[in-house]
Amino acid sequence: MLRRLIREINIELYWLKKDFARRWKMDTPVGLMGIIAIVTGFVLFVILIQGIAEIIRGTIPWVAGSRIAETYWSSIGYALKASLAFLAFSVSIILFFLMKLFYKR
């Protein structure tokens, strides 16, 4: 009984996945680029939220003399993460729009 139920659920999930891929056109290069653009946008959003939290954490307890270097290097690391994430997001958005304009079916 349990095997039959698992088999039916697997069949239903298989067709749900097929229908979802066809409806949202995720099996095309444009659809794949759209997914990449959404994922990189979400990663950029998470990194920006982490930066805001880091700024708040750094300002509430006043930075003492021995913690200045730690604060400096954490801000450098954040700047690198944010700039790379923004670069990846920008490139993916540009490629998405270029593919949307020039992709022939």
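The values are calculated or read from the model by the stated rules, or taken from the named source; none is laboratory data. Computed from a predicted structure; not experimentally measured. Neighbour counts run over all protein chains shown; Cβ positions are idealised from the backbone, glycine included. We work out accessible area using only protein heavy atoms, side chains counted, and drop any ligands, DNA or RNA first. Shrake-Rupley method; radii C 1.70, N 1.55, O 1.52, S 1.80 Å.
Observations
- Residue-normalised accessible area of the chain, expressed per residue, 1.4 Å probe, Å²: 86 Å²
- Residue separation of L16 and L98 scaled by 0.36 nm, minus their Cα-Cα distance, works out to 26.5 nm of gained length.
- C-alpha long axis of helix 2-23 to longest principal axis of the chain, angle in °: 80 degrees
- Highest-MSF residue in the chain out of I94, I38, I68 [GNM, Cα springs under 10 Å]: I68
- Rel. contact order, % - alpha carbon contacts under 8 angstrom, at least six apart, the chain: 41 percent
- Helix axis angle, 68-102 relative to the chain longest principal axis, alpha carbon, degrees: 30 degrees
- Ranked by how many other beta carbons lie within 10 Å on average, peptides 42-49, 73-80 from highest: 42-49, 73-80
- The magnitude of the dipole of the chain, with charges of +1 and -1 set on the Cβ of Lys/Arg and Asp/Glu and taken from the Cα centre, is near 620 debye.
- Taking one quarter of the surface of the C-alpha convex hull of the chain gives a mean projected area of 11.4 nm².
- The long axis of helix 29-59 is offset from the longest Cα principal axis of the chain by roughly 30 degrees.
- The helix-based estimate of mean residue ellipticity at 222 nm for the chain, built from -39,500 (n - 2.57) per DSSP H run of four or more residues and divided by its residue count, is -30000 deg cm²/dmol to the nearest 500.
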